[in-house]
DNA sequence: AATGAATGAGCCTTCATTCAT
DNA sequence: AATGAATGAAGGCTCATTCAT
């Protein structure tokens, strides 16, 4: 039983516990005490390692965002063409990891948190902008700049829309979801190409 | 002058105060005390009329949903063709009344509330299903049943997506938003007609 | 049992309880909960009426200061000559009301509080300056300005000194104490008059 | 190189840190953790060496008292006559070492501590009695026993009074302070001699 | 019709203290 | 000799809720 170097272990456990707790109680009533209990430690320890409730939530948020980023990167690895890259981003968005109930519930909580916490807001905006630039970058190779922005905007919205509907337990099939978003992309591109070439 | 018939006045005032309070504090920290103060009454009175905090929130939710329904009905009034009706639904969704910051913040809160309250969940689902059936009904006249469901699903998601992005203060232009959703509809219909006729 | 207009009664009771609690536990460990219990109410009510612990302490401080001020005013009422007025101030300082163990313990607490609270500091300085100006004013009629300030300074210090020693339970006789301070005053005045007339 | 003989070094550092911490935060909020951090060690070590918070404070108190005693002894070294000795005690009381803000803040803290801790109380009383006997002893050579006690009492009070006023940041000039106390002594002695010879 | 009074329950946070390493 | 790990206990504060008037 190691008695040193516990910090990373505890941090990880607490972050995991936070996400699961949010998933379990649906974001309301999420309490430092309950998170700590779920992680098998005292609430004092949670404060010791994170400094406060907000920072625990923020850390959980960062963790989810990081995992999402990693998933995107991973999916992107095998993609060659811009279109493949765009499809990869869609796939990553609905990757099982990111689309789990607890994770989706966490997203919802973070959206709410972002209404009052500058830090949470910044975090969420950084993520949103990165997604947006990824989309715009690849779309830019397939159509003009204005269309790229427009389509990126639509895609991001439709993805967020499916997320929030998932949070509401309007369970939809993952593959159906992906195909709807993917189809959106294709139709928009076809239409954009028509517009451009006319 | 005995004050009679105050109940509907107070209820209305409290519901309005609830929505504004949610809009003001961003859904967190919304307190019966603050709602009551905003409505100019004591918190005890709020309990007296509604029975509890959850029911106050539910009433506010019903109010927003009702207003939304009225807006839809109003927009639908002048619509003749199925396509016009679908456009009317889109227009109503982004009608200024429904797209105000406080209202959008309230939606977010209700989504969260729905995670824990059966009543809130039911309310939200009733609304979602009504929207869905409206969409499916009109789409059904323009394409086959499967396609209708699919397109309705996509439309609802993209609308919800724009809502949540609005809640995050990713302010987008109302007309742009409408045109993106509307375009989505048209492209899907064109595509569906191709599929059907082949 | 009156159920309205409780506020002043509760405030008074809580302030009294604060002073007694400070006296009882010796200023350390003084807790909102204990104060409230001593006043026969819940700690929530104490917060309701005062807003927070600091403000409760501040209110107790103001009460003691006010009582002190009233005692001074009362003693001053029968005083005619400047010398009588100065003696009256001394008498008031060691008046039974102000020299009770709980009250003296409260003073000590307030001194400590003043180290960290701007409000407490200001309060204490207002009191100190008022005492100082009273002393200087009357001394100024008996000697020159410089001497007046000097003697006032000495008198205030010796009074404070007896207070703190009282807080330490170095019980000294009240009359002895008064006579020592009074004697200080007389000797200083005699000396000052010598200095001036030479 | 095994670290041996660290104990006295750590103890000294912790005591010094305690005094400075009290001076820095104004006696409230003084925490074992902060003291330890200031001393550059873990709070566990502080407990290891002292056994508990109270004992750390007590040790700091003893240190200040000892330093004060040393200062008195040092000043007394050059004093020949009783009067010179009395003046030496006054000088020592306001010696720069003892009149530093941190030291004065510590005194205030100890006064508060003494309200609840038997040990602190005893310590403070030992110091007070030693000072008192010193004063009485020398005064006894200049006047009768009753007068000696009386004057010693006044002197001690006036010194304490200046201390507490210093703690309240009513900064007074050191030399002025000394001269006021010294003058007190002289006037009292003159008066006492009159009384005796009459 | 309306409210002031009052509280219990619960949450976040801090801190002295212990223990194994 | 020294510390990271960990916690129990307690405190300040908030809030939904009840009740008598």
Notebook entry, point to check: If you average over every viewing direction, what projected area does the convex hull of the Cα atoms of region B:1-151 give, in nm²?
Noted result: 10.8
Next item on the list: On a 0 to 90° scale, report how tilted helix C:118-139 is relative to the longest principal axis of chain C, with both axes built from alpha carbons and the result rounded to the nearest 10.
Entry: 30
Note to self: I'd like the FRET efficiency for residue A:173 and residue B:9, computed as 1/(1 + (r/R0)^6) with the beta carbon distance as r and R0 of 41 Å, rounded to 0.05.
What the structure shows: 0.30
Item checked: Innermost chain A residue relative to the axis carrying A onto D, by Cβ distance in angstrom -> A:44, 4
Item checked: Pairwise centroid distance, computed over Cα atoms, of region A:82-160 with region B:68-85, Å -> 32
Next item on the list: Could you pull the copy-to-copy label distances for residue A:29, with points set 7 Å along Cα to Cβ, in nm to one decimal and sorted shortest first?
Entry: 2.4, 3.6, 3.7
Next item on the list: Would you look at the GNM of chain A, springs on alpha carbons closer than 10 Å, and say which of A:50, A:94, A:162 moves the most?
Entry: A:50
Check: Could you give the distance between the Cα centres of region A:169-190 and region C:43-59, to the whole Å?
Finding: 58
Notebook entry, point to check: Inter-copy label distances at residue D:96, 7 Å along the Cα→beta-carbon direction, one decimal in nm, shortest first?
Noted result: 5.0, 7.5, 7.6
Next item on the list: Over the Cα atoms of the protein assembly as shown, compute the convex hull volume and normalise it per residue, giving Å³.
Entry: 266
Margin query: For chain B, set up a GNM with springs between Cα atoms under 10 Å and report which of B:18, B:81, B:109 has the largest fluctuation.
Written below: B:81
Note to self: Over region A:23-84, what portion of Cα pair distances is larger than 14 Å, expressed as a whole percent?
What the structure shows: 67
Checklist line | Relative contact order (percent, whole number), chain D, Cα cutoff 8 Å, 6+ residue spacing | finding: 19
Item checked: Distance between modelled label sites at residue C:53 and residue B:116, nm, 7 Å Cα→Cβ extension -> 2.8
Next item on the list: For region A:76-139, state what percent of all Cα-Cα pairs lands in each successive 5 Å bin, counting from 0 Å until the bin that includes the largest distance.
Entry: 4, 16, 19, 21, 18, 13, 6, 2, 0
Next item on the list: With springs connecting C-alpha atoms under 10 Å apart, model chain D as a Gaussian network and identify which of D:17, D:79, D:167 has the largest mean-square fluctuation.
Entry: D:79
Check: To the nearest whole number, what is the average tally of beta carbon atoms from other chains within 10 Å of the beta carbons of peptide B:119-126?
Finding: 1
Item checked: 10 Å Cβ neighbours from other chains, averaged over peptide C:167-178 -> 3
Checklist line | Angle in degrees between helix B:82-93 and the longest Cα principal axis of chain B, rounded to the nearest 10 | finding: 30
Notebook entry, point to check: What average count of beta carbons from other chains do you get within 10 Å of the Cβ of residues in A:108-117?
Noted result: 5
Next item on the list: Distances from residue A:173 to the same position in the other copies: list them in nm, one decimal, shortest first, using label points 7 Å from Cα along Cα→Cβ.
Entry: 3.9, 9.4, 10.2
Item checked: Rounded to 10°, Cα long-axis angle of helix D:6-25 versus longest principal axis of chain D -> 70
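No value in this document is a laboratory result; all are computed from the given coordinates. Just so we're clear, the structure is a prediction, and the values are computed from it rather than from any experiment. Reconstructed Cβ throughout: ideal geometry from the backbone, glycine too, with neighbour counts over all protein chains shown.
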